[in-house]
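S.K.: Sharing a structure, written as structure tokens. Questions coming.
Any read-out appearing in this document is the output of simple, stated calculations on the displayed coordinates, not a laboratory observation. These numbers were taken from a predicted model, which means no experiment stands behind them. In this analysis, Cβ positions are derived from the backbone assuming ideal geometry, glycine residues included, and neighbour counts consider all displayed protein chains.
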Amino acid sequence: MTVPHDPGIDAMLADLLAPPPRGGDRGFAASVERAIDARVAYASARRRFWRSFAFEALAIGALLAAIWFLSSAPLLAPLAGASHWGLAPPLLLILLLWFGTQRWRQA
């Protein structure tokens, strides 16, 4: 009869149930490293995009405010028209076209 906590039995069972020894899978390790590098590069590109987007959105907001203030100035009242936005649409179109060309140039 065996004792419930016999160290010989535990060692024999560990030897029998252990997986066979084998070398590491270099292909899997390389693919994991490539995936990590790709994720880091994507995160960096994403941060650059959002930083650039925030800066450009702030610049567009500032330009729109400047256009609105200029269109409501008494000196430019004949160009602005009755709604105070007569000058803004063409300038806004130019600004949006510039913004679009900047995005396409970076791609």
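S.K.: For a Förster distance of 22 Å, can you work out the FRET efficiency between the beta-carbons of Leu97 and Arg48, rounded to the nearest 0.05?
M.R.: 0.40
S.K.: Let me ask something additional. Tabulate in residue order the Karplus-calculated ³J(HN,Hα) for the range 29-45, using 6.51 cos²θ - 1.76 cosθ + 1.60 with θ = phi - 60°, rounded to whole Hz; enter x for Gly and Pro.
M.R.: Along the range 29-45, the couplings run 4, 5, 5, 5, 5, 5, 5, 5, 4, 5, 5, 5, 5, 5, 5, 5, 5 Hz.
S.K.: Once fully extended, how much extra length lies between Asp25 and Leu70, figured as 0.36 nm per residue of separation less the alpha-carbon to alpha-carbon distance?
M.R.: 9.5 nm
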